[in-house]
Amino acid sequence: MAEKKLWGGRFSESTDAFVEEFTESVSFDKELALYDIKGSIAHAKMLGKQGIIPKEDAEKIVEGLTEIENEIKEGRFTWKKELEDVHMNIEKSLIEKIGDVGGKLHTGRSRNDQVVTAFRLYLKDQVSDIINLLTQLQKALLQKSQDYIDLVMPAYTHLQRAQPIRVAHYFLAYLEMFQRDKERFEDNLKRIDMLPLGSGAVAGVDFPIDRDFVAKELGFSQIMRNSIDATSSRDFAIEFLSNASICMANMSRFCEDMIIYSSSEFSFVELPDKLTTGSSIMPQKKNPDVLELIRGKTGRVYGNLVALLTIVKGLPLAYNRDLQEDKEPVFDTVKTLKGSIIGITKIVEGLKINKEKVESAAGGFALATDLANYLVEKGIPFRQAHHIVGSIVAYLVNQGRELESITLQELKNFSSSFEEDALNLLSPYTVADRRKSFGGTAKDQVLSQIEFWKDKLG
Ligand code: ARG
């Protein structure tokens with residue numbers, strides 16, 4: 001059945017069915033419903049308080065909107081595509097419920113300032129949730145760091161074994177990245193947390209509205225100063241998508257590490273059974289699907305960022321209907337990002353590390369740098385020391401031997417500067433603990449980082 005449009009006054013024929021289907025957004029923007037109602041309630045109260053509409057009318061509107069809110073929460077509300085978007089659906093239902101007085105709600109307001117108000121309220125909540133989820137992830141990483149403070153593993157550069165590091169140091173690296181992600185979101189909040197309502201369609205409002213009151217009611221800490229900007233800017237959402245993309249990139253790197261480390265070739269980590277899946281054909285397989293999907297979904301989040309950047313790039317000021325396309329990329333990103341953070345947190349919590357494997361991989365030629373530095377301490381120029389140790393490595397590799405198997409006599413054959421104490425350097429633990437520079441992997445350094453994070457994360 002065709003619904004009478006709220007804006008139908010100037011039209012002599014009804015909307016083409018294709019246009020209704022093509023232009024509707026309620027199928028996805030109903031996600032904003034509760035925020036739209038919140039915005040409308042604040043607006044109605046303000047209209048009543050300012051005497052723009054009678055107080056009793058404002059009260060009726062608030063009551064009607066509260067009823068609709070309950071219907072939506074309980075899943076009893078019927079959304080109609082013919083009514084285009086979430087705002088029109090709610091307003092039409094309000095008028096059906098309380099009669100013509102419902103038609104006063106839209107006084108001194110346009111959908112242009114209405115929609116972006118709901119969108120900002122929504123994003124404010126979501127970003128706060130995301131910040132909390134990131135804190136949970138950081139806590140899981142901190143716990144793992146504490147659990148494995150006494151274990152070493154190899155650090156890789158170019159995916160070649162480089163130097164021994166404490167496992168805790170590795171986990172803390174990701175903790176740092178997620179801290180910056182959080183800070184970016186916190187900063188983003190400042191620019192989301194601004195009230196656009198009261199800007200009208202583009203030029204402001206000709207009724208004596210009180211924007212301070214509305215801002216307070218809705219919990220916005222700032223009021224947007226320029227009505228043209230307020231109705232047409234989406235940079236707060238682009239910034240969110242950009243922050244989400246960076247966060248996904250950081251998570252995706254962690255996923256990649258865990259995928260490699262859990263392969264039989266590495267066998268460094270064991271992923272919890274309940275977070276992996278089997279193969280329908282190969283009984284031996286335990287697949288890291290959650291990690292792979294997070295890595296894959298990183299691509300779609302980047303896509304969402306590019307989508308919104310592209311949507312706004314050629315738009316003349318101010319509002320254009322193109323802006324309706326801002327919502328799906330943001331909704332999709334919120335869902336993907338939250339799911340990914342939760343997934344990684346669970347993986348970190350359930351992760352077990354194969355002590356023998358990582359420890360033995362941390363030794364061997366990963367200790368070569370320290371042997372070279374030993375010679376430097378004896379006064380040999382670094383470049384020369386590097387060359388000497390390189391020759392030792394080649395000599396052992398030729399014989400199929402590990403670095404730990406070298407004898408003092410053999411060392412002396414390469415350089416007379418080697419003494420008995422050089423053999424102490426053939427343990428990854430000794431070598432790791434020599435990296436005492438601030439931010440390095442020595443146990444004391446890592447312990448003080450752990451203390452720092454315990455303090456910060458509470
Ligand atoms: N659904 C629209 C959007 O998301 C609401 C604003 C429509 N405004 C208008 N003047 N047609 O942008």
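Each reported figure results from applying straightforward, stated rules to the coordinates on display, with no laboratory input. This one's a predicted model, so the numbers in the text were calculated from it and none came from an experiment. Using ideal geometry, Cβ is built from the backbone for each residue, glycine included, and neighbour counts are taken over all protein chains shown.
Close amide H pairs (under 5 Å, H built 1.01 Å from N) link residue 195 with 222, 223, 224, residues at least 5 positions away or on another chain.
Extents of the chain, taken as max minus min of Cα coordinates on every principal axis and listed largest first, are 100, 51, 39 Å. For region 43-148, averaging the sequence separation of C-alpha pairs within contact (under 8 Å, six or more residues apart) and dividing by the residue count gives a relative contact order of 21 percent. Placing +1 on each Lys and Arg Cβ and -1 on each Asp and Glu Cβ, with no other charges, gives region 230-271 a dipole about its Cα centre of roughly 200 debye. Computed across region 113-155, the Kirkwood hydrodynamic radius from all distinct Cα-Cα pairs reaches 13.1 Å. Out of all DSSP beta bridges in the chain, what portion is antiparallel? Express it as a percent rounded to 5. Antiparallel bridges make up about 80 percent of those DSSP assigns within the chain. Extending 7 Å from the Cα toward the beta-carbon at both residue 146 and residue 180 defines two label points whose distance is 2.6 nm. Once divided by 2.2 N^0.38 Å, the Cα radius of gyration of region 223-316 becomes 1.61.
Between residue 430 and residue 226, the modelled labels are 6.7 nm apart [label points 7 Å from Cα along Cα→Cβ]. Rounded to the nearest Hz, the phi-derived 3J(HN,Hα) couplings of region 232-244 under the Karplus curve 6.51 cos²θ - 1.76 cosθ + 1.60 (θ = phi - 60°) are 10, 8, 10, 5, 4, 7, 5, 4, 4, 5, 5, 4, 5, where x marks glycine and proline. In this structure, residue 391 and residue 447 have a Cβ-Cβ separation that, at R0 = 25 Å, corresponds to a calculated FRET efficiency of about 0.10. Dividing the summed helix terms, -39500 (n - 2.57) for each DSSP H run of n ≥ 4, by the number of residues in the chain produces a 222 nm estimate of -20000 deg cm²/dmol to the nearest 500.
Dipole check for the chain: with +1 at the C-beta of Lys and Arg, -1 at the C-beta of Asp and Glu, and the Cα centre as origin, the magnitude is about 560 Debye. A simple charge model with +1 on the Cβ of Lys and Arg, -1 on the Cβ of Asp and Glu and nothing else charged puts the dipole of region 286-380 at about 220 debye relative to its Cα centre.
For region 263-407, the spread of Cα coordinates along the three principal axes comes to 76, 47, 26 Å, biggest extent given first.
Diffusion coefficient (Stokes-Einstein, Kirkwood radius over C-alpha pairs, 37 °C, 0.692 mPa s) for region 108-231: 187 µm²/s, rounded to a whole number.
Based on Cα contacts under 8 Å between residues 6+ apart, the chain shows a relative contact order of 16 percent. The value of relative contact order for region 267-335, using C-alpha pairs under 8 Å at least six residues apart, is 22 percent.
Projecting the Cα atoms of 128, 179, 103 onto the dipole axis of region 98-189, where Lys and Arg carry +1 and Asp and Glu carry -1 at the beta carbon, places 103 farthest toward the positive end. Label zone of residue 78 (point 7 Å out along Cα→Cβ, amide N under 19 Å): in region 5-41 this covers 5-6, 21, 25-28, 30. Placing unit charges on each Cβ (+1 for Lys and Arg, -1 for Asp and Glu) gives the chain a dipole about its Cα centre, and among 348, 83, 158 the Cα reaching farthest toward its positive end belongs to 158.
Between residue 401 and residue 263, what is the FRET efficiency for a Förster distance of 30 Å, r being their Cβ-Cβ separation, to the nearest 0.05? E(calc), rounded to 0.05, equals 0.70.
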